[in-house]
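Note sheet for the following structure.
The values are calculated or read from the model by the stated rules, or taken from the named source; none is laboratory data. Treat the numbers as computed from the prediction; the structure is a model and nothing was measured. Backbone-built Cβ (ideal geometry, glycine too); neighbour counts: all protein chains shown. Protein only, heavy atoms only, side chains kept; ligands, DNA and RNA dropped before computing areas. Shrake-Rupley method; radii C 1.70, N 1.55, O 1.52, S 1.80 Å.
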Amino acid sequence: MADLDVPQSKSRDLDKLLLRPGNLVGPDFDPGTELRDDMREYVRILVVGAGGLGCELLKDLALSGFSNLDVIDMDRIEVTNLNRQFLFRLEDVGKPKAEVAAKRVMERVSGVKIVPHFSRIEDKEIEFYNDFSIIALGLDSIEARRYINGVACGFLEYDEDDTPRRETMKPMVDGGTEGFKGHARVIVPGVTPCFECTIWLFPPQVKFPLCTLAETPRNAAHCIEYAHLIKWPEVHGGKSFDPDEPEHMKWVYDEAIKRAELFGIPGVTYSLTQGVVKNIIPAIASTNAIISAACTLETLKIVSGCSKTLANYLTYNGGEGLHTKVTEFVRDKECLVCGPGILIELDTSITLQKFIEMLEEHPKLLLSKASVKHGKNSLYMQAPPVLEEMHRPNLSKPLYDLMGRVQKDTIHVFGTALKNEEKQSSLTKLRVVFKGADGVADMDTAIGA
């Protein structure tokens, strides 16, 4: 039983959750001051994004007993951020969001340490993300979510029975808002659906036909995209457009104004130009606060076990009254990101050519004309001919060397497979273990060279 006579922390409500048992607690919940103190000392959380939702997350996590936080964001503060990103002031414009957000929260909440990282998420080494107990996402980009999801799922390991190893699971709590709508979800790789399992939840981004942009623009967004997609390449040749470069954005804005005046179209503003070009989702401070509260509560539940976690997707709609709904989506067991893939053991001497031939004979694959990819690197491409010729020298090289001489890793193979007596295109995830490499013991599942 918990001792209710212990000294309370600054948060009375937090003590009520962590210092006494309840009927809805998780199976591993052990209430008491030790849990509260361990959470402060040992749990380390990464907040990805320091915008409207990220600012709320940092504040809520710091006030919920988490003392070791990191935040990463590549953006600098702009005037248009100030209406909803409450940690920033006018004098902060031009400064890195992560650094200012960390500084402001540490000034207001004593005892919390926040380490800011002013960089792109892709610029960090993969192992950087493995140092955290939980990753909390406050992003406005599908691409960024997919990247972090892939990183977290990359730490997941399976045993010989394709059962995920609990100690390798990297939980994520993801929040997102759009106007008066928002979602909060819990992602535990190997247990719940990952972001890729439910990618169909996100509608495709709106694309304007180039003929409309070039000949018959009808609104301000058309004028902006004309300047961005047509006028920029025409004027600047091979120079790539950088949406995070103020001079580039100002150029597009000026050209969009000219285009709008030519066709008598009102409404082109600098903030709208940023929104269209960078696909910025409209945000409202109150929605950010509600979704952040839900994400923080789920983070607390995952760490402490003080209650059962969300199963597994919460939607919020404040457009007409107040509506919340929890949906339990089903994990895709064949997901190419969080699924186990097919386990294959190989000798370190096997060449890429031999490996591709083996894929045709493997009973679970029967894959012909296979292309092979390891991480971002293509090891072999069957087509088009120019790429096949470029990668052909790899066929005679050991796969072990081509994969960087790692003991085990994941690769993806694409080709034609026989399914239901019909030939179909197939993309498959393989877990490759090299027999004889340092630290890898022989396995009964070897298919050998």
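Considering only residues of the range 154-169 that are touching a Lys or Arg at 6+ places or on another chain (Cβ under 8 Å) and either assigned to a helix (DSSP H, G or I) or among the charged types (D, E, K, R) (or both), which is farthest from residue 295 (Cα to Cα)?
Here the residue is 159.
With respect to residue 212, is the statement that it is open to solvent by less than 30 Å² (accessible area, probe 1.4 Å) and more than 15 Å from residue 278 (Cβ to Cβ) true?
Taking the combined requirement at face value, the residue satisfies it.
Would you confirm whether or not the range 266-279 contains a residue that is open to solvent by less than 60 Å² (accessible area, probe 1.4 Å) and among the charged types (D, E, K, R)?
Within the range 266-279, not a single residue is open to solvent by less than 60 Å² (accessible area, probe 1.4 Å) and among the charged types (D, E, K, R).
Being assigned to a loop (DSSP other than H, G, I, E, B), at pLDDT 90 or above and open to solvent by 10 Å² or more (accessible area, probe 1.4 Å) is the filter here, so list the residues in the range 122-141 that pass it.
Matches in the range 122-141: 130, 131, 133, 139.
Quick check, is residue 144 modelled with pLDDT under 90 and either open to solvent by less than 30 Å² (accessible area, probe 1.4 Å) or assigned to a strand (DSSP E or B) (or both)?
Judged against the criteria, residue 144 is a match.
When the range 156-198 is examined, which residues are found to be among the polar types (S, T, N, Q) and touching a Ser or Thr at 6+ places or on another chain (Cβ under 7 Å)?
177
Could you tell me which residue of the range 313-368 is nearest to residue 196 (Cα to Cα), considering only residues that are at pLDDT below 90 and small (Gly, Ala, Ser)?
339
Kindly indicate whether any position in the range 97-120 is in contact with a helix residue (DSSP H, G or I) (Cβ under 7 Å, 6 or more places away or on another chain), touching a residue at least 12 places away in the same chain (Cβ under 8 Å) and on the phi > 0 side of the Ramachandran plot.
Checked against the condition, which is being in contact with a helix residue (DSSP H, G or I) (Cβ under 7 Å, 6 or more places away or on another chain), touching a residue at least 12 places away in the same chain (Cβ under 8 Å) and on the phi > 0 side of the Ramachandran plot, the range 97-120 yields no hits at all.
Just the residues that are in contact with a helix residue (DSSP H, G or I) (Cβ under 6 Å, 6 or more places away or on another chain) and either open to solvent by less than 70 Å² (accessible area, probe 1.4 Å) or of a type in the set (Lys, Arg) (or both), please, taken from the range 150-166.
Hits for the range 150-166 are 151, 155, 156.
Taking strands (runs of 3 or more DSSP E) that do not extend beyond the range 293-355, which have at least 1 residues that are exposed (fewer than 15 other Cβ atoms within 10 Å of the Cβ), in contact (Cβ under 8 Å) with a residue 24 or more places away in the chain and of a type in the set (Asp, Glu)?
none
Looking only at the range 129-171, which residues are more than 15 Å from the chain's Cα centre (by Cα) and of a type in the set (Lys, Arg)?
165, 166
Tell me, which helices (runs of 4 or more DSSP H) wholly within the range 199-276 include 2 or more residues that are over 29 Å from residue 145 (Cα atoms) and among the charged types (D, E, K, R)?
Filter on the range 199-276 gives 246-263.
Condition check ((1) at pLDDT below 80; (2) open to solvent by less than 40 Å² (accessible area, probe 1.4 Å)) across all residues:
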position: 391; (1), (2): no, yes
position: 396; (1), (2): no, no
position: 399; (1), (2): no, yes
position: 403; (1), (2): no, yes
position: 424; (1), (2): yes, no
position: 432; (1), (2): no, yes
position: 435; (1), (2): no, no
position: 439; (1), (2): yes, no
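Can you say whether residue 190 is at pLDDT below 95, within 25 Å of residue 286 (Cβ to Cβ) and open to solvent by less than 30 Å² (accessible area, probe 1.4 Å), as far as the supplied structure shows?
No: the conditions fail for residue 190.
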